[in-house]
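Report on one structure; see the data block that follows.
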Amino acid sequence: MKKTLLLIEDNNDILNANRTMLELNDYNVLTADTLQKAWNILDNTTPSAVIIDVIMPHGSGIDSCS
């Protein structure tokens, strides 16, 4: 069974490159380009892991983890 990851990144080039790499390595990848979108996804889904950008435009990725 494929693991599902949530990838949170505000830079679309980085987001797409990382998503492609992860999908090629047999992961289901959910993406969010804002922290609000990430919280909305997490309200409805429980991914196996979350990969989050540290510097986001509307908050810190680190602060969002606590």
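The values are calculated or read from the model by the stated rules, or taken from the named source; none is laboratory data. Note that this is a predicted model, so its numbers are computed, not measured. Don't worry about glycine lacking a Cβ; one is built from the backbone with ideal geometry, like all the others, and counts go over all protein chains shown. Areas reflect the complete protein model, heavy atoms only, side chains present, ligands, DNA and RNA absent. Shrake-Rupley method; radii C 1.70, N 1.55, O 1.52, S 1.80 Å.
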In the chain, trypsin sites (Lys or Arg not before Pro) in a DSSP loop with at most 15 other beta-carbon atoms within 10 Å: LYS2, LYS3
How far is helix 35-44 tilted, in degrees, relative to the longest principal axis of the Cα atoms in the chain, given as a value from 0 to 90 rounded to the nearest 10? 50
Against the longest principal axis of the chain, how steep is helix 12-24, in degrees 0 to 90 to the nearest 10, with axes from Cα atoms? 30
5 Å is the cut-off here: which amide hydrogens, built 1.01 Å from N in the peptide plane, fall below it relative to MET56, excluding neighbours closer than 5 in sequence? GLY61
Distribution output for the chain: share of Cα-Cα pairs per 10 Å bin in percent, first bin at 0, values 22, 56, 21, 1
Excluding ligands, DNA and RNA, the carbon-plus-sulfur percentage of the accessible area of the chain with a 1.4 Å probe reads 52
With contacts defined as alpha carbon pairs under 8 Å and 6 or more residues apart, what's the relative contact order of the chain in percent? 41
The set of residues whose placed amide H lies less than 5 Å from the amide H of LEU7, leaving out same-chain residues fewer than 5 positions away, is LEU30, THR31, ALA32, ILE51
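What is the dipole size for the chain, taken about its Cα centre, with +1 at each Lys and Arg Cβ and -1 at each Asp and Glu Cβ, in debye to the nearest 20? It would help to have the intermediate numbers written out before the result.
On the way: 4 positive and 9 negative charges, 49 e Å.
Rounded to the nearest 20 debye, it is 240 debye.
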